[in-house]
1. Looking at residue 263 and the list (1) assigned to a helix (DSSP H, G or I); (2) closer than 19 Å to residue 72 by Cα; (3) away from ligand 1 (no atom under 15 Å from the Cβ), which single condition is not satisfied?
2. Here is a check on your reading of the model: is residue 74 within 12 Å of ligand 1 (Cβ to nearest atom) and touching a helix residue (DSSP H, G or I) at 6+ places or on another chain (Cβ under 9 Å)?
3. Give the residues of region 78-118 that are open to solvent by 70 Å² or more (accessible area, probe 1.4 Å), under 18 Å from residue 252 (Cα atoms) and charged (D, E, K, R), sorted by residue number.
4. Yes or no: residue 132 open to solvent by less than 20 Å² (accessible area, probe 1.4 Å), polar (S, T, N, Q) and under 18 Å from the mean Cα position of the chain (by Cα)?
5. Taking the options 42, 34, 61, 54, name whichever one is in contact with a Pro (Cβ under 6 Å, 6 or more places away or on another chain) and touching a residue at least 24 places away in the same chain (Cβ under 8 Å).
6. Return the only residue of 269, 216, 256 being at pLDDT 95 or above and away from ligand 2 (no atom under 13 Å from the Cβ).
7. Can you work out which of the residues in region 219-253 that are open to solvent by less than 10 Å² (accessible area, probe 1.4 Å) and assigned to a loop (DSSP other than H, G, I, E, B) is nearest to ligand 1 (Cβ to nearest atom)?
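The values are calculated or read from the model by the stated rules, or taken from the named source; none is laboratory data. Everything numeric in this text was worked out from a predicted model, so none of it was measured. Positions of Cβ are generated from backbone atoms using ideal geometry, with glycine treated the same way; all protein chains shown enter the neighbour counts. Protein only, heavy atoms only, side chains kept; ligands, DNA and RNA dropped before computing areas. Shrake-Rupley method; radii C 1.70, N 1.55, O 1.52, S 1.80 Å.
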Amino acid sequence: MPEFKDALTKDTFGAAGRHSHPDDTVIEVRDLKIGGGELTVIAGPCSVESREHILKIAGEIKDAGACILRGGAFKPRTSPYNFQGLGEEGLHFLADAGKAFDMPVISEITGVSQIGLFGDVDIIQVGARNMQNFELLREVGRLGKPVLIKRGFSNTLRELIFAADYVMNEGNPNVILCERGIRTFETYTRNTLDLSAVPVLKKLTHLPVIVDPSHATGRSEFVEPMVLAAVAAGADGIMIEVHDDPAHSLTDGRQAIDPEAFRKLVSRAKAVKAALKEGK
Ligand code: PEP
Ligand code: MN
């Protein structure tokens, strides 16, 4: 492995490091390319709530411009008394909705024992709480299918890049990084969106970088402005929580936007992306 010492971190990164792959990595999921210059729009509810519900949302977000459907089936909840997700059944409903609307699907894995259930999931999400679950990172690395790793809310970018190396060292080059906000002293927003993560990760690694402003801000009214800022900062994609009735969402309703707001957001985000291309 050639050496690459970043002046700032003094670290040697492995497969995830820019030195090992000078060109940007483009990840193919079915006939979609993540990281190739087009804006990847991932959207859907925080949780899969029912078969009917995920089918309805899938149709609405596809129509509004999303290309990948999200939905959690295994939910990492702070309180053990809150809705924990539909589990295996939820993954089936999600896969059915993806097939019905011809969209790849992404869902979060919370433990090694669930690996066998993710056969119909196109992209495996390792959530913020599991970013340093090294056993899980190694296992999803052995699977070979694309993995989206979310930055832990108390983790540095250096630690996030090493998490990617854990997956890639198992022979899986298909890693996507996701900035979703970190914990600071600010409490008005759920987390603080560290947008400088985008140019830093693009400098230090060759991997696609996605921004999730829903978990970062925790409030629906701040999702669109942070999407526009994320795209302007060079993000390869965005991940947005969308719900047709946010007030009754089983999880994370306060940060969900409705399909109409999502439609406007996508068109404005694409306009920012196009303006960046023109300016090149
Ligand atoms: C999610 O995407 O629903 C989620 C739980 O995200 P995070 O791991 O960023 O909290
Ligand atoms: Mn959520």
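1. Failed condition: (2).
2. So residue 74 passes the test.
3. Residues satisfying the conditions do not exist here.
4. no
5. One residue alone meets the criteria, 34.
6. Among 269, 216, 256, only 269 is at pLDDT 95 or above and away from ligand 2 (no atom under 13 Å from the Cβ).
7. It comes out as 251.
For (1) within 27 Å of residue 93 (Cβ to Cβ); (2) crowded, with 17+ Cβ neighbours inside 10 Å; (3) more than 16 Å from ligand 2 (Cβ to nearest atom), each residue gets a yes or a no:
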{"site": "140", "(1), (2), (3)": "yes, yes, yes"}
{"site": "148", "(1), (2), (3)": "yes, yes, no"}
{"site": "151", "(1), (2), (3)": "no, yes, no"}
{"site": "158", "(1), (2), (3)": "no, no, yes"}
{"site": "169", "(1), (2), (3)": "no, no, yes"}
{"site": "174", "(1), (2), (3)": "yes, yes, yes"}
